[in-house]
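See below for the structure under consideration.
Values in this text are rule-based calculations from the coordinates and carry no lab data. Not measured: the values here are computed from a predicted model. Neighbour counts run over all protein chains shown; Cβ positions are idealised from the backbone, glycine included.
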Amino acid sequence: MIFNAAHQFLSFRMQGLYLFFSAIILFSAFKVGALAALVTAAIFYLAMWLLQLLFNVIYTYSARNKSLLTDHVIEIQEDALFEESAYSKSFHYWPGVAKVVDRPGYVAVYLTELTAHIVPKRAFRDRKQVEEFVALIKERLHSSHEKHAT
């Protein structure tokens, strides 16, 4: 949830669309006064984001996503990131992994700019284990990029 919300919020297209509609509201409400128009536009902007988050919650927890919201096993192997659930099994070789980031609440292992394996921090014993996980993936990525650069 946090991952999807953050990516949508950082999307120039989503921000542009919501700001465009908020600007229309702002200019159409200007007749009643600048402050009232600004407050109305801000409320509309926030309401659009709340509706987007509500849609995300409903979609994520719908029955169609049973393969997403299930137990997953993620294993760091020498040549690949291994991921397995009751529905799938995949190997992502290190040259095909884009990056790993440590965010509040989760660690994201990006396969592309828009797709990632999200590991909630509750899956780790403690902060030290999170740091070791991230450091090991960064090490594998660095080694992989060095091998393919030569």
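Using amide H atoms built in the peptide plane, which far-off residues or other-chain residues are under 5 Å from VAL100 H to H?
Those lying under 5 Å, H to H, from VAL100 are TYR110.
To check my understanding: the extent here is largest minus smallest coordinate of the Cα atoms along each principal axis. What are those three numbers for the range 72-149, in Å, largest first?
Dimensions of the range 72-149 along the principal axes of its Cα atoms: 36, 30, 23 Å.
Only Lys, Arg, Asp and Glu count, each charged at its Cβ (+1, +1, -1, -1), so figure out the dipole size of the chain about its Cα centre, rounded to 20 debye.
580 debye
How large is the translational diffusion coefficient of the chain in µm² per second when you combine the Kirkwood radius over alpha carbon pairs with Stokes-Einstein at 37 °C and 0.692 mPa s?
180 µm²/s
Which whole DSSP H helices in the chain pass both tests: a Cα extent of 20 Å or more along the axis and a mean Kyte-Doolittle value no lower than -1.0?
The qualifying helices are 12-28, 34-60, 127-149.
Evaluate the relative contact order of the range 2-65 (contact order divided by residue number), counting alpha-carbon pairs under 8 angstrom at least 6 apart; express in whole percent.
Taking the mean separation of contacting Cα pairs over the length of the range 2-65, I get 28 percent.
Could you tell me the relative contact order of the chain? Use alpha-carbon pairs under 8 Å, at least six residues apart, and round to a whole percent.
13 percent
Going toward the positive end of the dipole of the chain, with +1 on Lys and Arg Cβ and -1 on Asp and Glu Cβ, which of ALA5, ILE25, SER85 do you reach last?
ILE25
Taking LYS99 as the anchor, which lysines have their alpha carbon closer than 22 Å to its alpha carbon, excluding any fewer than eight residues away along the same chain?
Within the straight-line limit of under 22 Å, LYS99 reaches these lysines: LYS89, LYS121, LYS128, LYS138, LYS147.
Subtract the Cα-Cα distance of VAL73 and SER143 from 0.36 nm times their separation in residues, and report this length gain in nm to one decimal.
Result: 22.9 nm gained on full extension.
For the range 2-65, what is the per residue volume of the convex hull drawn over the alpha-carbon atoms, in cubic angstrom?
84 Å³
What net charge is computed for the residues neighbouring LEU111, neighbours being all others with C-beta under 12 Å from the C-beta of LEU111, Lys and Arg scored +1, Asp and Glu -1?
Taking every other residue near LEU111 into account, the sum is -1.
Of LEU35, LEU46, PHE133, which is farthest along the charge dipole of the chain in the positive direction, counting Lys and Arg as +1 and Asp and Glu as -1 at C-beta?
Result: LEU35, furthest along the dipole toward the positive end.
Give me a comma-separated list of calculated 3J(HN,Hα) values for the range 105-122, in order, Karplus coefficients 6.51, -1.76, 1.60 applied at θ = phi - 60°, integers in Hz, x for any Gly or Pro.
Whole-Hz 3J(HN,Hα) from phi for the range 105-122: x, 7, 10, 10, 9, 7, 8, 9, 5, 10, 10, 7, 8, 9, 10, x, 5, 5.
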